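S.K.: Got a structure for you, questions after.
Since every read-out is calculated from the coordinates, none of them should be taken as a lab result. Since the structure is predicted, the reported quantities are computational estimates derived from the model, not experimental observations. Because the Cβ atoms are built from the backbone with ideal geometry, glycine has one as well, and the counts that use them run over all protein chains shown.
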Amino acid sequence: MANKKLRLDMALVEQGFFASRNRAQASIMAGEILVNGEVDTRADRTILPEDTIAIKEKSCPYVSRGGLKLAGAMKTWNISVAGKTCVDIGVATGGFSDCMVQAGAKDVYGVDVGKGQLADEMRRYKNFHFKPETNARYMTPDLFETPPDFAAVDVSFISLTMIMEPLFKIMAPQGEIVFLIKPQFELTPKQVPHGIVKTEENRQLAIKRVQDFFEENLKEKYGGWSGEVIESPIKGTHGNIEYLWHVKINKPA
């Protein structure tokens, strides 16, 4: 790196850790990068010539920590995806998808508005079908060979309320869904200073808004029920607390 100062994401690419800034940024956000021995989740962190960069020793069985979040939900709610068609909305690196494939899913569709974050390891799975540059708000049934039986949703910079109905429309009649609720994207900017939801009151308000939207706008049309909400076993960006929400639909005949 000579005497140059670089952003952390650019330094990772220049030093050969990753082939693209998108992949570097995904790993940074996942808490997998060490700067001088400490985890740093800021892609724009300035790296000086004397700084040392390393990747944390991998103890996660999935391509990202997201897989641990979904695995926790599946264990808590006794969810089986074996032999099922599944969709991962907001696939990013592929942690949720990796979890579903390893749990025996027949087919997993990875939907994402981007295309550069997917871990190379995911491409080894013949039953994983990547759908890049696809906005989940405008999904149509022809995106899938068969309607998904199970969905896992992890989206950023958009409310889950914008995703729910488009997702319900393409699901199998008795579909099952795990949503990752990120309070920072369900509240007003005033309630999220510096991108962090600081109070339990606001976190619960975010959960209520999402659940109320389902109850008031979608439950009668798509049937089913709004199930339990649990805290994610892993925190999100900037230490934000996230939640997993279990939903089932039962479309009227």
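S.K.: List the DSSP H helices in the chain whose Cα atoms stretch 18 Å or more along the helix axis and whose mean Kyte-Doolittle hydropathy is at least -0.5.
M.R.: none
S.K.: Restricting to Cα pairs below 8 Å that are 6+ residues apart, what does the relative contact order work out to for the chain? Please round to a whole percent.
M.R.: This gives 14 percent for the chain.
S.K.: Related question: Which aspartates and glutamates does residue 190 reach when only Cα atoms under 18 Å apart count, and residues fewer than 8 places away in its own chain are ignored?
M.R.: Counting by Cα, and skipping residues close in sequence, residue 190 has these aspartates and glutamates nearby: 200, 201.
S.K.: Compare 125, 222, 243 in a GNM of the chain, Cα atoms joined below 10 Å, and give the one with the largest fluctuation.
M.R.: 125
S.K.: Sticking with this one: Place +1 on the Cβ of every Lys and Arg and -1 on the Cβ of every Asp and Glu in the stretch 1-128, take the dipole about the Cα centre, and give the residue among 85, 25, 74 whose Cα lies farthest towards its positive end.
M.R.: Of 85, 25, 74, it is 85.
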